[in-house]
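Presented below is the structure to which this report refers.
The values are calculated or read from the model by the stated rules, or taken from the named source; none is laboratory data. What you see is a predicted model; the values in this text were computed from it and never measured. Cβ placement follows ideal geometry from the backbone for every residue including glycine, while neighbour counts extend to all protein chains displayed.
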Amino acid sequence: MSEHEYTPKSKVGKWFNDRLPLLTLANHLTDYPTPKNLNYWWTFGGILTFCLITQIVTGLVLAMHYIAHADMAFESVEHIMRDVNYGWLIRYIHANGASMFFLAVYIHIFRSLFYGSYKSPREIIWIIGIIIYLLMMAAAFLGYVLPWGQMSFWGATVITNLFSAIPLVGEGIVTWLWGGYSVDNPTLTRFFTLHYLIPFLILGLVVLHIWALHVPGNNNPIGIDIKKPSKDTVPFHPYIVIKDGFALLMFMIVFAFFVFYTPNILGHADNYIEANPLVTPAHIVPEWYLLPFYAILRSVPDKLLGVIAMLSAILILAALPWLDTSKIRSAVFRPLYKQFYWILVADVLILGYVGAMPAEGLYLLIARVATAYYFLHFLVVLPVLGFKERTMPVPLSITEPILGGSPNLATVKNKDGLKNQ
Amino acid sequence: MKNLFRISFFVIFILIFNINSNAADKVEYLKTEWSFKGPFGKFDRAALQRGYQVYNEVCSSCHSMKYLSYRNLVQRGGPEFSEAQAKAIAASFEVKDGPNADGEMFMRPGRLSDKFVMPYENEKAAQAANGGAYPPDMTVLVKARGGGVDYIYSLLQGYEDPPAGVTLDDGVYYNKFMYGNKIKMSNQLSDGLVEYSDGTDATVEQMAKDVTTFLMWTAEPHLETRHRMGFKAIVYLIILTVLVYFSMKKIWSRIETKV
Amino acid sequence: MPEKETKKRRDFLFTATYAVGAVGVGAVVWPMIDQMNPDASVKALASTEVDVSTVNPGNTITVLWRGKPVFIRRRTQDEIAEAKSVSMKELKHPEKDEDRAKNPEWLVMLGVCTHLGCVPLDQKGDYNGWFCPCHGSHYDISGRIRKGPAPTNMEIPEYKFVDANTIKIG
């Protein structure tokens, strides 16, 4: 932040800024030197900020009308949908917003995986990101319980029962989580409280995430360190602001399509049946964004090991900066890694698919193979690739790639730079 | 721009993938034209009014409609009965109110602000009267069934004699669209069961369609507003996107990098 | 293209973008504000019917309407005479009793002090009417402010007699 000293022009501004340097901060954010070759995959950071704020604002509104009581929750949601002014709109934005949030976060994570954004010196950004992702899953799960439909109730029962896998204290923990001997009113009220709390924790972590980002600056599609500010960078405002805005609008069109035309397609029909502790729905399926982990859980025949496998699948990501031994960040210059990357993408999609299918026969076998491969990718492929792979020559800067003959340069977004030489 | 195509491809992939994963049971439902489907879909007023009649004369003796009020019958985008008609409908039901000054509950004619009167006092009473099966509340029934309106429409016409080898207990009926084919509701519709005031021929098919339309409205009373608003919102977003796109091109033209 | 013209067109583009964007922000903000207004179920309950057959002269009943108390007082002949006798000059907020009680026997009035919203006490105060304990406003038997900080008379809601014994408020 101390690359350039900023002095406000007006006297009042200077007086204020000497006491609380908000203007310095604003100046830092607008002038923040950003690599000029960022592609549209980099716009998802801004989109995610939009998602978080949308969820918080619509959530606050819903909390004004929602009643966290086992006897009234379902009815209060119907009240929101029918009687509250624009209630149906706000609830559909909130419900579909969760899905859009996860869609964006997955793209954001896979962008990072492709371009090696988790590597030194950006490990802390990455780890904060993983914590945010974990909290998002918690918030999404807790939120799904609130309408108190059949999927809410049985999802809550199944997920909280995961803790019973812990030896000795497991059962005690589950009873403690429930505040009773089954998922009931005490569970609902505490879930509501936590669902309300978590987004603000996420907001705080997002500030840290961005702060940590602004120390080394953005990674970029060719993954090289660049001088800042330089010919390789543009100021955040207006260049990146307008570009992020454009991408955000495209995203909002998709979002609006879901909200207005297929608002229930991403949810499960059973959640429009009020919770009934005596009847379990025929198929219990989590929301689509949790399906890959659900598949991993079910692919392990042992209860405790299944839970451990599922948790490790997420936590292993935190160790990624050290599991990936390659010095080259961007997959653009790593021909082998690039192939393994797409195999991983396919693997996760397959896991998601079998997660939605019954855990039997061929599906179970596929789930097991895919789970094994998932761990293999992180624990074996990545460490070995770093030593074995023959990477391509990397340019020295974005604008002036001092390098001839690399065919891959054409795919790097600096065609103009080449043209001008 | 190439990347944008890739992003949209990804989105579409996820969408298709999700629809596939949700379609666990694959039964061919009976097909019919629904006026409320599609981005400009609207309810057929006459069908909603007829559908209310079928619900009232046939379904409501067992199935509650507990999230709906009589005032909703007047509401825009619904059956749009006149206020006088809806008041008359409400007044034809006895509503429990109270306690009065003596601390007693009393019955009075329904008002517009009242919720639909329930056929049974509570769920247990409903089960006791129906051989242990609870006739589900119908307000959001369409959204609570995977097949939606097509499922309800088909189910009402799906009664058949059981195939050879299937034995049915007392009070259980065979329906080819029911999950597991066994249903505790007997066939309710028969040709000419109700007499439509608008002269429409009350065939089973017609009644099934009308009552299903009505149930779609009770589940999504703001569907028409949603469709209208959605169209405006998306047109607006496209206009703004185009404007922002050209603004972006202008701004980025100051430097030699393409966006 | 001359430099100046380019600049002008660019400015128009940006202005248009800002303007269209601002419209969108407004359209999004409105639902978030309007959701706090009374919802459809609250609006539907805006009228209440009250059976007043058991109220004797000289008694007041209090009923709840839109979450607020409504005083329904069956006034005695003396009270009516007293209410009618007051000269308009004495009043801070001049209103004839005839205008406040269509049927002089029945005073139907929102039981909310016009100062800061407390509920005044019945048959208290210096004018045989109501007295607000919060900040000492005195009302007469027609519910008119006579002394104290309240600026206006207590409000008369919209009501009508459905039949001789039933009043519909709202």
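Scanning the stretch A:375-421 for residues that are part of a loop (DSSP other than H, G, I, E, B), crowded, with 17+ Cβ neighbours inside 10 Å and modelled with pLDDT under 50 gives A:Val412, A:Lys413, A:Asn414. Candidates B:Phe5, B:Phe43: the one that is within 22 Å of the chain's Cα centre (by Cα) and either within 14 Å of chain A (Cβ to nearest Cβ) or modelled with pLDDT of 95 or more (or both) is B:Phe43.
Here's the yes/no breakdown for (1) within 29 Å of the chain's Cα centre (by Cα); (2) within 8 Å of chain C (Cβ to nearest Cβ); (3) surrounded by fewer than 19 Cβ atoms within 10 Å (Cβ to Cβ):
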{"position": "A:Cys51", "(1), (2), (3)": "yes, no, no"}
{"position": "A:Val57", "(1), (2), (3)": "yes, yes, yes"}
{"position": "A:Ala68", "(1), (2), (3)": "yes, no, no"}
{"position": "A:Glu75", "(1), (2), (3)": "no, no, yes"}
{"position": "A:Asp83", "(1), (2), (3)": "no, yes, no"}
{"position": "A:Tyr92", "(1), (2), (3)": "yes, no, no"}
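Considered as a group, the residues in the stretch C:48-90 that are part of a loop (DSSP other than H, G, I, E, B) and touching a Lys or Arg at 6+ places or on another chain (Cβ under 6 Å) include one that is surrounded by the fewest Cβ atoms within 10 Å (Cβ to Cβ), and that residue is C:Pro57. Going by the structure shown, is C:Glu98 among the charged types (D, E, K, R) and either closer than 21 Å to C:Ile167 by Cβ or part of a strand (DSSP E or B) (or both)? Against the criterion (among the charged types (D, E, K, R) and either closer than 21 Å to C:Ile167 by Cβ or part of a strand (DSSP E or B) (or both)), C:Glu98 qualifies.
Remark: A:Gly46 matches the filter, which requires a residue to be within 30 Å of A:Leu396 (Cα to Cα) and either touching a Lys or Arg at 6+ places or on another chain (Cβ under 7 Å) or more than 10 Å from every other protein chain (Cβ to nearest Cβ) (or both). Within the stretch C:22-33, the presence of a residue that is more than 30 Å from A:Gly87 (Cβ to Cβ), over 24 Å from the mean Cα position of the chain (by Cα) and small (Gly, Ala, Ser) is excluded.
Yes/no matrix, rows are residues, columns are (1) small (Gly, Ala, Ser); (2) outside any loop (DSSP other than H, G, I, E, B); (3) without any contact (Cβ under 8 Å) to a residue 12 or more places away in the chain:
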site: C:Gly125; (1), (2), (3): yes, no, no
site: C:Ala150; (1), (2), (3): yes, no, no
site: C:Asn153; (1), (2), (3): no, no, no
site: C:Lys168; (1), (2), (3): no, yes, no
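Look at (1) modelled with pLDDT of 95 or more; (2) of a type outside the set (Ser, Thr, Tyr); (3) closer than 26 Å to A:Val77 by Cα and you find that A:Ile159 fails only one, number (1). In this structure, B:Arg71 qualifies as within 14 Å of chain C (Cβ to nearest Cβ) and not acidic (Asp, Glu). Can you tell me which of B:Met207, B:Met185 is surrounded by 18 or more Cβ atoms within 10 Å (Cβ to Cβ) and under 22 Å from B:Gly146 (Cβ atoms)? None of the other options fit; the residue is B:Met185.
On the stretch given as the stretch A:12-41, residues that are surrounded by 15 or more Cβ atoms within 10 Å (Cβ to Cβ) and either among the aromatic types (Phe, Trp, Tyr) or assigned to a loop (DSSP other than H, G, I, E, B) (or both) total 8.
For A:Ala68, the conditions (1) outside any helix (DSSP H, G or I); (2) in contact with a Lys or Arg (Cβ under 8 Å, 6 or more places away or on another chain); (3) of a type outside the set (Ser, Thr, Tyr); (4) touching a residue at least 40 places away in the same chain (Cβ under 8 Å) all hold with the exception of (2). Whether a residue is more than 28 Å from A:Ile273 (Cβ to Cβ) and not aliphatic (A, V, I, L, M) was assessed, and A:His108 passes this test.
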